[in-house]
Each structure stands twice: as structure tokens, then as C-alpha cells.
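Everything on this sheet refers to the single structure shown next.
None of the figures in this text is laboratory data; all of them are computed from the coordinates on show. It should be emphasised that the depicted structure is a prediction, and the values quoted were computed from it without experimental measurement. Using ideal geometry, Cβ is built from the backbone for each residue, glycine included, and neighbour counts are taken over all protein chains shown.
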Amino acid sequence: MPKLLLICDVYPPSFAPRMGYLVKYVKDWDWNADIVTRGHDGDFSFQSLLGDEKVLRVQGVKTPIKTTKDKVSRLINQKSHHIQNGKLMTRHILNNLDSKDYKLILCSTAHRTFLLDVAYQVAKEWEIPWIADIRDLYEQNPKTKQVKKVGGNHIFDYFNKSYHQFSIKKRNKTFYNANAMVTISPWHVDQIKKYNTNTNLIYNGYCPEQFYVRPQSTQSIFKISYMGLVISNELRDPTLLFLAVKKLVIEKNIDKANFRIQFYTPKNKRNPILNNPAYQDISDFVDFYDYVDTAQVPQILAGSSILLLLTNVFKPDGPKGIMTTKYFEYLAMERPIICVRSDENILEESILKANAGVSARTVEETYDFLLEKWKEWKEKEFTTVEVNKEYTQQFSRKLQAKQFVDLFEKVNNNEE
């Protein structure tokens, strides 16, 4: 059974569905994996995905932040930490693993670009091919969020911007050196192809063993459910939803006893919602919950009348190419989806192809969809949607593992 070395920024039990499920399902296609990742971050949301694979966790260089002096030191030393962490992990791999065990290297990362250089250096030393899987690009975020502002201090922001530019330059150089690239949306493919023409699209997806259609049952309360972070209104803007609900309230179409919007969002990530001016008028209709165990998520989705996606318009200074894992999990559950504010791009196109709901551009579109589903619920005590299964089945994590394996074998055959 051929084996790959997976180098990744995060791995179960931390939140790492893309790589966690890949390692699980490549076995069905006669591949196996060992994993090298950063030190565990304390999140245990994907404990169930830990199998018997070898997982080496390498603690990186850390600077504790307790004082302003610590913050300055960390910002000034970001570039050196990037280089040190890369050398540390490269050395750890070369000293502890045997090249003869592996057919190729797969490196999966979001913004921790030093891992790409690790994969390149190890692949060069071992004389085997390597593939980069890129889950995020700095450029996908709104311009206001691409470089994190630090405390409003211009000196801090200078060092942060300097590191940001350094990281992108290093990242793009490694893109050229990869035998193949993988990424998560058509927009990401277009960006990465500028540096590596062998760039392949493998979407995020859903686990078919967890996310599937449950038998339809009555719902005592009409629930609009959202699972995840909000981060900022520039990235994910719920305003259209709040304004449409306000209109329903004014027209006395709904009441708060049996119409609820439920955000499963940590307390420290709720401010973009709480500070949204449109939220104040409908706050009585909103409930907040902390994250739940991943095993509970499918039942919550199945018991919801509408599943909520939050995004914003695709534009040069706005978010680009963002198709979150929750979207694909929503599709698998076959519950009506409302996306606000529509990206007017690839996510909207996908929702239309899936026939999964509405990607709303206006308050009126949002209002009409909510009223339609509310009336259906009042009549049946549940809501329905006729999803295009032929389209949505491609997003199964198991089938995506086969896409990865096909690429592994293609790259290997080209090398031999």
C-alpha cells in the first residue's frame, strides 16, 4: 500500500475536516498516510477522526504575549520565526522519518506558508514529488482584512504588513516548485494558476457517514440555524436577513414564540452580529449558543427549517472565492438554504445548480423566501427543498479522496 507524508498546519483532534477525512478515506483507495503537523492547539472538536496513523506534532517557536514589549518583539520577529519554524520542522522530518516509506508529500495549509517550504525542502532531499493543497489565500479577504491591524499603532502595522508581503513572496515561490497544486474554488484556481499551471480543483465537502438526509419530521419551532463564526460584516453580512425579519414582524406574519434565528457562535465572536444596527430591531427573535460537539451538528441541521449561510458580494475589495465547509454539509442534509448577502458569483451559481434554496441580493428576495418557507411550515410543520442530488453528490469527502488519489498516482507516474 503506497504511503504519503502529509504536512499540515492543523490536524485532528483540532478542527481539520479536509485533511482529517482525506486520511480516513484514502485507505478505501489503497493509500495510507503519516502526518507531521504543528503542536496541538487544545481544540478537541475532531477527536473522532484520530485513527492509528503516525502523527508527529512539532512545537514551533513561540513568543508569549503578556506586555506591550512582548507584542513588539513578536511583530519584529515574525520573519525570523517563519524561517526558524520551517527549519525546525524540516529537521524534525529528516531526522525522524525514512524517505523509503513514502511515494510523495502532500502539504495542506491556509496562511502558515512556511510549511510549503518545508514540503519543498524535504521533497528535494528525498527526491520524491510533492503537492500543495491551499485552503486559503490572503487575497480572498476584503482589503480591510488582508493585513490584520494591530492595536491601531502604525509601527505595529508596519511590521505586520512587512511580514505579510514577505510571506506572500515566499508562498508564490514555492507554488512554482510544486509538482502539482490543489485548491478549493474556481477563483482560487485562477489565482494559483498564475504560478503553477498544474492546479487542480477539489472542493471542500461533507462526510457522507454523518451528513445525509434524515426522515422528515415535524418541527415545533421554525428555526433558522447558523453554525460557525461571523468574523466581520465585510466577510459575512447578515443585514438582509435582519431587515427581512423586521418586515415580517411589522406585518405580523411571525411571532417570537415559534420563529427563532439560532447562532451557534462562540461568545467572543458575536460582536459583528450584536453591533449590527439591523440586529437591534429583531434581537428578541435571536438565540445564541456556543459551539456543539461535531456529532450533534447533523441533528441540529436536520431539525432546522432553514439553514443560514453568511457571505458578502464578490468584488475587488471584498471577499472572493469563499465556499465554506458548512455549505457542503448543508447541501448533504437537504434542508432549505438561505445565503445572505449573495456573493453574486461562484457560491450563488452553486446554490442555483443544487436547487438548494436562495442566494439573496435584496431584502425583498430574502423576505419572499422566508415568508414562503414560513407558510409551508405553518401548513405542514416542516419545510422542504428538492435538491439536485446528481450535482451535490460530487462533494462527498469519500469521492474527493478518490480525486486526491487520482492526482497522487498521476504525479507519481510522471515522475517514474
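At 0.36 nm per residue, and after removing the present C-alpha to C-alpha distance, how many nm does the segment from Tyr138 to Leu201 gain when stretched out fully?
Once the chain is fully extended between Tyr138 and Leu201, it gains 20.9 nm.
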For the range 84-241, with the dipole built from +1 on Lys and Arg beta-carbon atoms and -1 on Asp and Glu ones, taken about the Cα centre, which of Ile221, His164, Leu94 lies farthest toward the positive end? His164
Seen from all sides and averaged, what is the projected area of the convex hull of the Cα atoms in the chain, in nm²? 20.5
Would you grab the residues whose amide H sits under 5 Å from the one on Asp343? Only those 5+ places off in sequence or on another chain, please, with H modelled 1.01 Å from N. Glu348
Residues with amide H under 5 Å of Val182's amide H, sequence separation 5 or more or different chain, H placed in the peptide plane at 1.01 Å from N; which? Ala132, Asp133, Ile134, Asn200
Gyration tensor over alpha-carbon atoms, the range 164-222, equivalent ellipsoid semi-axes in Å: 39, 14, 10
Work out from phi, with θ = phi - 60° and the Karplus expression 6.51 cos²θ - 1.76 cosθ + 1.60, the ³J(HN,Hα) of each residue of the range 172-187, listed in order in whole Hz, and give x for Gly and Pro. 5, 5, 6, 4, 4, 8, 6, 5, 7, 10, 10, 8, 10, 8, x, 5
Extension gain, Asn32 back to Gln210 (0.36 nm per residue minus Cα-Cα distance, nm): 61.9 nm
Note, the range 100-117: 3J(HN,Hα) by Karplus (6.51, -1.76, 1.60, θ = phi - 60°), whole Hz, Gly/Pro = x, goes 5, 7, 10, 8, 6, 10, 10, 10, 10, 8, 9, 9, 7, 6, 4, 5, 5, 5
Through the Karplus equation 6.51 cos²θ - 1.76 cosθ + 1.60, θ set to phi - 60°, convert the phi angles of the range 281-290 into ³J(HN,Hα) values in whole Hz; use x for Gly and Pro. 6, 10, 4, 5, 9, 10, 10, 10, 9, 6
Based on the alpha-carbon gyration tensor of the range 222-394, what equivalent-ellipsoid semi-axes (square roots of 5 times the eigenvalues) come out, in whole Å, largest first? 21, 20, 17
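About its Cα centre, what dipole magnitude does the chain give when the only charges are +1 on Lys and Arg Cβ and -1 on Asp and Glu Cβ, stated in debye to the nearest 20?
1540
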Scaled by the rule-of-thumb 2.2 N^0.38 Å, the alpha carbon Rg for the range 168-292 gives a ratio of 1.49
Calculated from DSSP helices alone, with each H run of at least 4 adding -39500 (n - 2.57) and the total divided by the residues of the chain, [θ]222 nm to the nearest 500 comes to -12000 deg cm²/dmol
